[in-house]
Amino acid sequence: MKRTCLFEPHKTLGARLIEFSGWEMPLSYSGVTDEHRTVRESAGVFDIGHMGRIEISGSGSGPLLEMLIVSNVARMSIGSAEYTLICNHSAGIIDDIIISKRDKDRYLLCVNAGNREKILIWISSIGVNFDYKIYDLTDKTGMIALQGPMSRSILEAAASRDVASIKPWHIVETEIDSASTLVSMTGYTGEIGCEIIMNSADCTRVWTALLDAGRGFGIKPCGLGARDTLRLEMGYSLHGNDIDEDTTPIEAGLEWVVDFSKDDFIGKAVMLEQKKNGAQRRLIFFELLQKGIPRKGFKIFSDGKEIGVVTSGNISPMLNKGIGIGYVLPEYAKSGLEVLVDIRGRVVPVVIVMRPFYSRK
Amino acid sequence: MNPDNLRYHTDHAWVRAEGKKAIIGITDYAQGELGDIVYIEMPEKDAIVSVNQEIGELESTKTTSPTLAPVSGKIIEVNGELKDSPELINKDPYGKGWILAIEMSNTKDLDQLMDAKGYEAFIKEGEK
């Protein structure tokens, strides 16, 4: 199993470790629910070094990316970041990523750990006729997410430059405890926050500096368990669960990411066809009306027939009820509609809702 | 860490015998592996169960885990507090986090269970 540059601090902090996409990662430290609430109420730090970091540069990088991703690369300004998708020719989602424009003809892609190798191969096959360079930074760098309402204050205390004015979805360079870092105002929790990239050798220093700066704010180290419940509570898709190469952006409710005004990009034809004629299934968010927890693979029923399947589910620590994501036949994808989920033989009513499940009052 | 006065099942349940009554919970190791327990499906009182029969389900933020009966008999009590506070299992697995009590049909079932030392060795073996 691969380990990030923060493996030793995790052991010292008493993290419970699990295997995730070939990496030995912290699942939790003080407990998933405690970490989850800490991120909603103050701030948490996560080791996300397993995520892939790929730099693409050169005069052909823009045009190549324009083909590769579904959103508009040409319209990105230097220093901005966006959530976007890489799809295959059948519009299946190869990965959902964050793209940042670092400079003219220089981009950073942050991809899911389990999809990195696949994406490198995909880019090399699509990129044959483009003049570009690709550089996989993953093994030479680390990545830390700092998330929560107090994350700004903590970053301001830890960073060398003024970070108060940096807007969400922007990326800047700054130093943290004299280590050069790249700070991106992005995240996967629904809270304000940032994701920080630094050289592997500086990881522990930055991690420690953030924990020290955050002590008075109640910061806690958080694992992949809380990362999953936090993203689920916001209704963010997880690649491998809610989206994969067999689901399209139209089916997954991610049409808003797609810029159909672009000349061409991979998967456009199929997406246009689905947009026009309708998809075979639609992603839904649902809340349980009784106690219980929906899990991936559970079947969804209505009118006495099977209409879909659960792709993610857990308890919402903030709402204290079971919540889930799944796919149903398009005619059932209506907010407010009640359907049934089979929880190991117990049929539980659920109501279809809009995301996010939780938002601060 | 595992109390000496208890008997332990290979499925990580503990049993405290008081005459024919067996009070049952899950071990500290088991609650740690499960993570935050957020929901428990309780068995019916008066149900007759036999060894290794599924008697309930524990749901954590991480996974779902069935609870197996470590002894045979009749369920005479269930811990009602767990319905609203399943986290008691995490906080106090050998005390307030007890799950249910069974009136044993045969106290010899206890002989099939491990003592604290045996259980600790069993966990170590499993972690290799």
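The values are calculated or read from the model by the stated rules, or taken from the named source; none is laboratory data. Given the structure is predicted, the values throughout are model-derived calculations rather than measurements. Every residue, glycine among them, receives a Cβ derived from its backbone with ideal geometry; neighbour counts consider all protein chains shown. The area values use the complete protein model at the heavy-atom level, side chains included, leaving out ligands, DNA and RNA. Shrake-Rupley method; radii C 1.70, N 1.55, O 1.52, S 1.80 Å.
Structural remarks
- Against the test of being of a type in the set (Lys, Arg) and either over 24 Å from residue B:44 (Cα atoms) or open to solvent by less than 70 Å² (accessible area, probe 1.4 Å) (or both), the options B:124, B:83 yield a single qualifying residue, B:124.
- Being touching an Asp or Glu at 6+ places or on another chain (Cβ under 7 Å), closer than 19 Å to residue B:22 by Cβ and more than 14 Å from chain A (Cβ to nearest Cβ) is a property that holds for residue B:75.
- The residues on offer are A:163, A:128, and the sole one that is surrounded by fewer than 23 Cβ atoms within 10 Å (Cβ to Cβ) and either outside the structural domain of residue A:21 (by TED's automatic domain parsing) or touching a His at 6+ places or on another chain (Cβ under 9 Å) (or both) is A:128.
- Residue match in the stretch B:53-61 (condition: within 28 Å of residue A:16 (Cα to Cα), outside any loop (DSSP other than H, G, I, E, B) and touching a residue at least 60 places away in the same chain (Cβ under 8 Å)): no
- Some residue of the stretch A:308-323 being more than 25 Å from the chain's Cα centre (by Cα), away from every other protein chain (no Cβ under 14 Å) and surrounded by fewer than 20 Cβ atoms within 10 Å (Cβ to Cβ): no
- Tally of residues being modelled with pLDDT of 95 or more and within 14 Å of another protein chain (Cβ to nearest Cβ) across the stretch A:274-293: 1
- Top-ranked residue in the stretch A:107-144 [being small (Gly, Ala, Ser) and either part of a loop (DSSP other than H, G, I, E, B) or in contact with a helix residue (DSSP H, G or I) (Cβ under 8 Å, 6 or more places away or on another chain) (or both); ranked as modelled with the lowest pLDDT]: A:127
- For the stretch A:278-302, taking the residues that are outside any strand (DSSP E or B) and in contact with a helix residue (DSSP H, G or I) (Cβ under 9 Å, 6 or more places away or on another chain), the one that is farthest from residue B:41 (Cα to Cα) is identified as A:278.
- Residue A:7 being in contact with a helix residue (DSSP H, G or I) (Cβ under 7 Å, 6 or more places away or on another chain), modelled with pLDDT of 95 or more and more than 12 Å from chain B (Cβ to nearest Cβ): no
- Scanning the stretch A:238-262 for residues that are on the phi < 0 side of the Ramachandran plot and either without any contact (Cβ under 8 Å) to a residue 60 or more places away in the chain or assigned to a helix (DSSP H, G or I) (or both) returns A:255, A:256, A:257, A:260.
- Under the condition of being within 13 Å of another protein chain (Cβ to nearest Cβ), assigned to a loop (DSSP other than H, G, I, E, B) and either farther than 30 Å from residue A:26 by Cβ or among the small types (Gly, Ala, Ser) (or both), the residues counted in the stretch B:6-36 number 1.
- Residue satisfying all of: in the stretch B:37-60; more than 14 Å from every other protein chain (Cβ to nearest Cβ) and among the charged types (D, E, K, R); farthest from residue B:86 (Cα to Cα) among these: B:46
- Single condition residue A:96 does not satisfy, out of (1) more than 22 Å from residue A:272 (Cβ to Cβ); (2) open to solvent by less than 60 Å² (accessible area, probe 1.4 Å); (3) away from chain B (no Cβ under 14 Å); (4) acidic (Asp, Glu): (1)
- Residue satisfying all of: in the stretch B:92-119; open to solvent by less than 70 Å² (accessible area, probe 1.4 Å) and in a helix (DSSP H, G or I); nearest to residue B:35 (Cα to Cα) among these: B:119
- Taking the criterion of being open to solvent by 50 Å² or more (accessible area, probe 1.4 Å), assigned to a loop (DSSP other than H, G, I, E, B) and more than 12 Å from chain B (Cβ to nearest Cβ), the residues of the stretch A:13-35 that qualify are A:13, A:21.
- Residue in the stretch A:228-235 that is away from chain B (no Cβ under 14 Å), acidic (Asp, Glu) and under 28 Å from residue A:141 (Cα atoms) present: no
- Single residue of the stretch A:171-181 satisfying the filter (assigned to a strand (DSSP E or B) and open to solvent by 60 Å² or more (accessible area, probe 1.4 Å)) that is nearest to residue A:157 (Cα to Cα): A:175
- Of the residues making up the stretch A:36-48, those that are in a helix (DSSP H, G or I) and either modelled with pLDDT under 95 or away from chain B (no Cβ under 14 Å) (or both) are A:40, A:41.
- Subset of the stretch A:182-211 [touching a helix residue (DSSP H, G or I) at 6+ places or on another chain (Cβ under 7 Å) and open to solvent by 10 Å² or more (accessible area, probe 1.4 Å)]: A:188, A:190, A:191, A:192, A:193, A:199, A:200, A:204, A:209
- Boolean, residue A:214 is in contact (Cβ under 8 Å) with a residue 60 or more places away in the chain and open to solvent by 30 Å² or more (accessible area, probe 1.4 Å): no
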